[in-house]
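In what follows, a structure is listed as structure tokens, so that the remarks can point back to it.
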Amino acid sequence: MKLQVAIDLLTTEDALELANKVAEYVDIIELGTPLVKSEGLSAITAIKNAHPDKIVFADLKTMDAGELEADIAFKAGADLVSVLGTADDSTIAGAVKAAKAHNKGIVVDMISVADKVARAKEARALGAKFVEMHAGLDEQAKPGYDLNGLLSAGEEARVPFSVAGGVNLSTIAAVQRAGADVAVVGGGIYGADDPALAAKELRAAIR
């Protein structure tokens, strides 16, 4: 299982600082949607130039113009780009077309998708490299939220998947048991007093 850090910071400088601290322990560096919106495509290029050996994930959450948005992100240095599972099939297919042209990948994000299992299978059939079983920050803040719904959806879908939404040191073993290909950790790393130590401990917890 790969470890992905989701960098939900707002400046390229802060993102680079965090990436430099945790890069040796993670496989995928994700530029969170707020970061991309705040700093633009230059943030993608900066992270890729600083860490050319890492997979760089631009979390665009594309909802329309899939081929165009994916293409510009790949040209900026992204290896993976996200498209929302709620987008039209043609949007996902367009993004996949751009990915194939660049020999890169599309991740279809299941945030706010009602039937994650069915949509995950459809996304995979449309050419997604993997799907992300994802609960956003707002959903996680609701009373009673837990990770188990995402894990069971991933297990049932039987397609390559990542899990994002409350993954931390206490839950990462369950994520791996569910068969996830990627564990996505945001606040559990960037919100830690020592992000490098947090990433190191998460890496050590992956068997």
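The values are calculated or read from the model by the stated rules, or taken from the named source; none is laboratory data. If you're wondering where the values come from, they're calculated on a predicted model, not measured in any experiment. All Cβ positions, glycine included, derive from the backbone under ideal geometry; neighbour counts span all protein chains shown. Please note that ligands, DNA and RNA were not included when accessible areas were found on the heavy atoms of the full protein model with its side chains. Shrake-Rupley method; radii C 1.70, N 1.55, O 1.52, S 1.80 Å.
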Could you tell me the calculated FRET efficiency between A118 and L10, based on Cβ-Cβ distance and R0 = 35 angstrom, to the nearest 0.05?
0.50
Can you pick out the pairs among K37/K129; K75/K104; K37/K61; K61/K129; K54/K129 whose Cα atoms lie more than 20 Å from each other?
K37/K129
With a 1.4 Å probe and every protein chain left in place, tell me how much accessible area Y190 has, in Å² to the nearest 10.
70 Å²
Rounded to the nearest 10 Å², the accessible area of E24 at probe 1.4 Å
140 Å²
Can you check what the Kirkwood hydrodynamic radius comes to for the range 143-187, Cα pairs only, in Å to one decimal?
10.5 Å
Beyond 23 Å, how much of the Cα-Cα pair distribution for the range 49-144 remains, as a whole percent?
24 percent
Please report, in debye to the nearest 20, how large the charge dipole of the chain is about its Cα centre when each Lys and Arg carries +1 at its beta carbon and each Asp and Glu carries -1 there.
640 debye
For the chain, what is the percent of antiparallel DSSP beta bridges, rounded to the nearest 5?
0 percent
Need the list of aspartates and glutamates near K121 for cross-linking: C-alpha distance under 15 angstrom, and skip anything on the same chain fewer than eight residues off.
D88, D89, D109, E132, E155, E156
Would you calculate a helix-derived [θ] at 222 nm for the chain, using -39,500 (n - 2.57) for each DSSP H run of n ≥ 4 and dividing by the full residue count, to the nearest 500?
-13000 deg cm²/dmol
Would you calculate the separation in nanometres between label points at A204 and N148, each defined as 7 Å from the Cα along the Cα-to-beta-carbon direction?
2.9 nm
A student asked for the Cα radius of gyration and Dmax of the chain in angstrom ought to give 15.6, 43
Using a cut-off of under 18 Å, list every residue of the range 151-176 whose amide N is near the label point 7 Å from the Cα of L197 along the Cα-to-beta-carbon line.
168-170
Area accessible to solvent at V108, 1.4 Å probe radius, in Å²:
0 Å²
